[in-house]
Amino acid sequence: MWVHYPILFLIAQMCLLWLLTMWLRISAIKAKQVTAADIQFIQKDRFPRTATLAGNSYDNQFQQSALFIVLLCLLNQQGIEGHFWYVTSTFFVFARYWHCFEHIVCRNLLLRTIAFALATICFFIAWFGYLYQSLTGISLA
């Protein structure tokens with residue numbers, strides 16, 4: 001089933017961000033930039049900038065991405081398929097990776113905003129498409 005691929009990529013992104021955040025925080029402790037108490041009580045103002053940005057990006061994945069995974073599970077459960085869903089999911093996953101990259105490197109706020117907007121538009125189009133198809137029975141494929 002096609003929905004496994006976007007779910008796999010979104011979960012992989014969450015896992016990679018978790019590993020990056022953990023590695024950056026452990027490195028900060030070893031370099032004595034922060035203490036274990038700073039991490040325990042989430043004193044983000046004391047973290048190195050990259051560790052803070054990676055942690056924020058990781059936290060951000062549990063908003064849109066988790067709800068999009070729920071939608072994909074509903075599509076899978078109901079056997080809903082089609083090019084519309086594949087294209088929307090592909091753009092959503094691409095936009096989430098792009099947003100994550102821009103979030104961590106903090107290169108350009110405008111690009112990060114565009115990536116977030118693209119993901120948000122895909123998110124709402126997909127959910128409204130699902131509701132429309134569920135209520136009317138008209139396929140979007």
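What to note about this one:
- So R112, is it under 26 Å from L19 (Cα atoms), surrounded by 14 or more Cβ atoms within 10 Å (Cβ to Cβ), among the charged types (D, E, K, R) and in contact (Cβ under 8 Å) with a residue 12 or more places away in the chain: yes
- Hey, A126 within 14 Å of the chain's Cα centre (by Cα), part of a helix (DSSP H, G or I) and not hydroxyl-bearing (S, T, Y) or not: no
- Filtered residues of segment 72-109 (kept if under 19 Å from F128 (Cα atoms), in a helix (DSSP H, G or I), out of contact with any His (no Cβ under 9 Å at 6 or more places or on another chain) and open to solvent by 20 Å² or more (accessible area, probe 1.4 Å)): C73, L74, Q77, Q78, H83, F84, Y86, V87, T90, F91
- Segment 1-14, residues that are without any contact (Cβ under 8 Å) to a residue 60 or more places away in the chain and open to solvent by less than 70 Å² (accessible area, probe 1.4 Å): A12, M14
- Candidate set from segment 31-68 (those that are assigned to a helix (DSSP H, G or I), open to solvent by 30 Å² or more (accessible area, probe 1.4 Å) and hydrophobic (A, V, I, L, M, F, W, C)); member that is nearest to F101 (Cα to Cα): A66
The values are calculated or read from the model by the stated rules, or taken from the named source; none is laboratory data. Keep in mind the model is a prediction, meaning the values are calculated, not measured. In this analysis, Cβ positions are derived from the backbone assuming ideal geometry, glycine residues included, and neighbour counts consider all displayed protein chains. Protein only, heavy atoms only, side chains kept; ligands, DNA and RNA dropped before computing areas. Shrake-Rupley method; radii C 1.70, N 1.55, O 1.52, S 1.80 Å.
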